[in-house]
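Visitor: Let me give you the structure first, and then I'll get to my questions.
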Amino acid sequence: MDYPLEDLLCFVGPPLVEKFMEVFGVEEQEAVTLVEDFRERYLPVGVFESAPFPGIHELLQSLRREGFRVGIATSKPQQLAELLLERAELKKLFDVVIGSDPQVNNNAKWEVITRAMEKLDAKPETTVMVGDTKYDVLGARRCGVSCIGVRWGSAAPGELEDVQADAIAATMDELEKLLMDRRKA
């Protein structure tokens, strides 16, 4: 089946099994098969079609200079997350990279966030999740941390507002200001 590209953008970022079940109305086992089919192309081809968002290098460098500890809690498989970060020359800017583990059933977004927080020895009251989908906001909320939504990701219009992100940034500069302001509070 062919789908227009704009209809497929919703699959960038969220936990794929959940998203396939939601979008196509399939049962979990069929969604798992769809993820396997997706990765058949993504791993040898799609991974090389991705690029970091403009301004992310500068933002991460600024956060590091200010003493922030920075981690990634992603639904992408661990090895894939690390490969993408290496290709984009970003991995060295993170203290921790935590992705999903296809061999273990602990990959709900809140579980990935929890593992990242444990590795960082982070406390909920001083942690901020930055994310671009409802899964990030809901995962953060379940972990007791605030979440800043960003507009340059794959969320559908109104999605971040519907799940009540604590704040929403439309630009890297806005995100940096929100993070700096939260640190001062």
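The values are calculated or read from the model by the stated rules, or taken from the named source; none is laboratory data. If you're wondering where the values come from, they're calculated on a predicted model, not measured in any experiment. Please note: Cβ atoms are built from the backbone with ideal geometry, for glycine as well, and neighbour counts cover all protein chains shown.
Visitor: Within the range 13-45, can you find the residues that are modelled with pLDDT under 80, surrounded by 15 or more Cβ atoms within 10 Å (Cβ to Cβ) and in a loop (DSSP other than H, G, I, E, B)?
Guide: 13, 14, 15, listed by residue number.
Visitor: Out of the range 64-94, which residues are part of a loop (DSSP other than H, G, I, E, B) and either touching a Leu at 6+ places or on another chain (Cβ under 6 Å) or at positive phi (or both)?
Guide: Matches in the range 64-94: 67, 69, 70, 89.
Visitor: Continuing with this model, one more query. Select from the range 86-109 the residues that are within 14 Å of the chain's Cα centre (by Cα) and at pLDDT below 95 and write down the one among them that is surrounded by the fewest Cβ atoms within 10 Å (Cβ to Cβ).
Guide: 108
Visitor: So how many residues does the range 129-146 have that are under 11 Å from residue 113 (Cα atoms) and among the charged types (D, E, K, R)?
Guide: So the answer is 3.
Visitor: Would you pick out the residues in the range 69-85 that are among the polar types (S, T, N, Q) and either under 13 Å from the mean Cα position of the chain (by Cα) or within 18 Å of residue 110 (Cβ to Cβ) (or both)?
Guide: 74, 75, 78
Visitor: I'd like to verify a number: residues in the range 133-150 that are of a type in the set (Asp, Glu) and either surrounded by fewer than 24 Cβ atoms within 10 Å (Cβ to Cβ) or in contact with a helix residue (DSSP H, G or I) (Cβ under 6 Å, 6 or more places away or on another chain) (or both), how many?
Guide: Adding up the residues that qualify gives 0.
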